[in-house]
Amino acid sequence: MTATSATPAPQAPLAPPAPAGRPTAETHEVTNQAPPLTGHDVADDPVLIEGVRREGAAWCLDDLHRIGRRTGSEEVQRWADEANRHEPELRTHDRYGHRVDEVDFHPAYHALMDVAISEGLAGSAWADDRAGAHVARAAGFMVWSSAESGHGCPVSMTYAVVPALRHSPDLARTYEPLLTSRVYDPGLRAPADKRGLLAGMGMTEKQGGTDVRANTTTAVEQADDTWRLRGHKWFTSAPMNDLFLVLAQAPGGLSCFLVPRVLPDGSRNTFRIQRLKDKLGNRSNASSEPEFDDTVAWLVGAEGKGVRTIIDMVTMTRLDCVLGSAAGTRAALAQAAHHARHRSVFGAKLIDQPLMRNVLADLGLESEAATTLALRLAGAADRAQRGDDGERAFLRLATAVGKYWVCKRQPAAVAEALECLGGNGYDEASGMPRLYRDAPLNGIWEGSGNVNALDMLRALAREPASLEAFRAEIEAAAGADRRLDAAWRELSGELVLTEDAPLRARRVIERAALVLQGALLVRHAPAAVADAFCASRLAGDQGLAFGTLPPGSDFAALLGRLPV
């Protein structure tokens, strides 16, 4: 073999290596993603504004929009995230071994609380003589808590404690001015040394739960007119609040007591926090198991009438459950609608795709019905506090009905809204998982669905005026929609108590809620909203999932009611 030689072809110079960390090609240009939903007014919601006007609080709208702009800010959204990522921490002892029983919160939690209290969302409505004060407070609570619901628990309990505390006028005179203050003054000090107080409640125990008459915490009267408590509570939220209403067994029966964390002389009352609950959601709020051992307390109301006394507090916290669930549903809907307005799929915006339009319209319908009912209850509460017996009777039955249904629907509505975002909605960064984890709480807090269904039966049996007030509310819409009229005729028969009433109670309370919502929408909402609600919730053609509104629905009008 003969070797040959050839001139090699010239080689192109090698490209210099890319600097470390620098992409060789542009692969991360972000397109077709919704921008953050920030910098908007959460109160810019026609359903909310119309309800506030209708229930007599139009004078608060400037303040409500100011709260709404704050709620929609990037700063507040950051607070909400941080308050839940950095959960409360229990310190049972200080560095020297002294028992302190304190809970430390992230600064973001305190920032949220400071705004809530300064805006009058806790007890301030009780010190406001203007008609509609409780409606204004309810609307503000809905707007602000839509950013972060966990801190709403101590805010709500502080609001709710005032009517119960008034069963003992001397205690009310001492504490009410501080409970209605607009100053957030955290930390454990003697109540008289603080500029504002927060309140909580301790009802349930591990062996009884809802059956509070099974409570074993005991109360013994002292010569100085105080009492001493001994026992263990199972679920007491916001343990760093200043005052708690607590149920305990006195010689005369189950009674209500006021327990301060710090006594008037500045010494710590015995309030041993055994642990904080590791909860599904509501992570920013501390829920605890406190132990009482020779704990100083004052009797509130009459001895042996504890349930009757504390029920005034429970009634108001149940109202806040309805407000909070309506707000959480609205917040999830706002995220879904925002995403659909900016995300394109198959060549069109999501919000222009027929199936998505049906889903969003249906979610909007659910949200509007919840918001309208919530504000109607707030209006009734306001007028009842001003001496309207008819509104008080309506509130007695309608609160149980609204608490059952609005809170029951929130988890399903939030889950559907989360699905509208697809995988993005399952990502913690979207905020939707937090809304989803928080969604079941109001259905449990202050009485589960069964408790409220039985409470409805109790109202029907013992307080016939509540049924008459409820009937008057429905019949104010008589003749406006044949489907509503037919549903009310059917429901009227089921409201008659029979031996099997407990077995049917859930069916009845659900139907009562839908008929009440239908009557409110027929009277106050645009015709397209009322028609779609009656067709999908009251008539025979009812889909079981969201997004099953009948084809004849006015989708353009329904979508025009969606929040920002």
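Couple of notes before you dig in:
- For segment 480-490, the set of residues classified as out of contact with any Asp or Glu (no Cβ under 8 Å at 6 or more places or on another chain), of a type in the set (A, V, I, L, M, F, W, C) and buried (at least 17 other Cβ atoms within 10 Å of the Cβ) consists of 484, 487, listed by residue number.
- All of 477, 532 fail the test of being surrounded by 17 or more Cβ atoms within 10 Å (Cβ to Cβ), assigned by TED's automatic domain parsing to the domain that holds residue 326 and touching a Lys or Arg at 6+ places or on another chain (Cβ under 8 Å), apart from 477.
- When segment 450-460 is filtered for residues that are in contact with a Ser or Thr (Cβ under 9 Å, 6 or more places away or on another chain) and among the charged types (D, E, K, R), only 455 remains.
- The single residue among 418, 457, 467 that is touching a residue at least 60 places away in the same chain (Cβ under 8 Å), over 14 Å from residue 329 (Cα atoms) and buried (at least 18 other Cβ atoms within 10 Å of the Cβ) turns out to be 467.
- In summary, residue 528 fulfils each of the numbered conditions (1) small (Gly, Ala, Ser); (2) in contact with an Asp or Glu (Cβ under 9 Å, 6 or more places away or on another chain); (3) within 25 Å of residue 461 (Cβ to Cβ) with the single exception of condition (3).
- Residue match in segment 499-506 (condition: among the charged types (D, E, K, R), without any contact (Cβ under 8 Å) to a residue 12 or more places away in the chain and closer than 30 Å to residue 282 by Cβ): no
- Of all residues making up segment 384-395, the number that are touching a Phe, Trp or Tyr at 6+ places or on another chain (Cβ under 9 Å), touching a residue at least 60 places away in the same chain (Cβ under 8 Å) and either polar (S, T, N, Q) or surrounded by fewer than 24 Cβ atoms within 10 Å (Cβ to Cβ) (or both): 2
- All of 235, 257, 271 fail the test of being without any contact (Cβ under 8 Å) to a residue 60 or more places away in the chain and closer than 29 Å to residue 438 by Cβ, apart from 235.
- So residue 545, is it among the hydrophobic types (A, V, I, L, M, F, W, C), within 18 Å of residue 402 (Cβ to Cβ) and surrounded by fewer than 17 Cβ atoms within 10 Å (Cβ to Cβ): no
- Check on residue 447, on the phi > 0 side of the Ramachandran plot, modelled with pLDDT under 95, surrounded by 17 or more Cβ atoms within 10 Å (Cβ to Cβ) and out of contact with any Ser or Thr (no Cβ under 6 Å at 6 or more places or on another chain): yes
- Checking segment 89-106 against the condition returns no match, with no residue being farther than 18 Å from residue 435 by Cβ, at pLDDT 95 or above and either within 20 Å of the chain's Cα centre (by Cα) or in a helix (DSSP H, G or I) (or both).
- Answer from 297, 302, 334 - the residue that is of a type in the set (A, V, I, L, M, F, W, C) and part of a helix (DSSP H, G or I): 334
- Residue selected from segment 301-335 under the condition β-branched (Val, Ile, Thr) and out of contact with any Lys or Arg (no Cβ under 9 Å at 6 or more places or on another chain), by the criterion farthest from residue 453 (Cα to Cα): 309
- From the list 85, 70, the one residue that fits, being surrounded by fewer than 17 Cβ atoms within 10 Å (Cβ to Cβ) and either modelled with pLDDT under 95 or not β-branched (Val, Ile, Thr) (or both), is 85.
The values are calculated or read from the model by the stated rules, or taken from the named source; none is laboratory data. Everything quoted here is computed from the prediction, not taken from an experiment. So basically every Cβ, Gly included, is an ideal-geometry build from the backbone, and we count neighbours across all protein chains shown.
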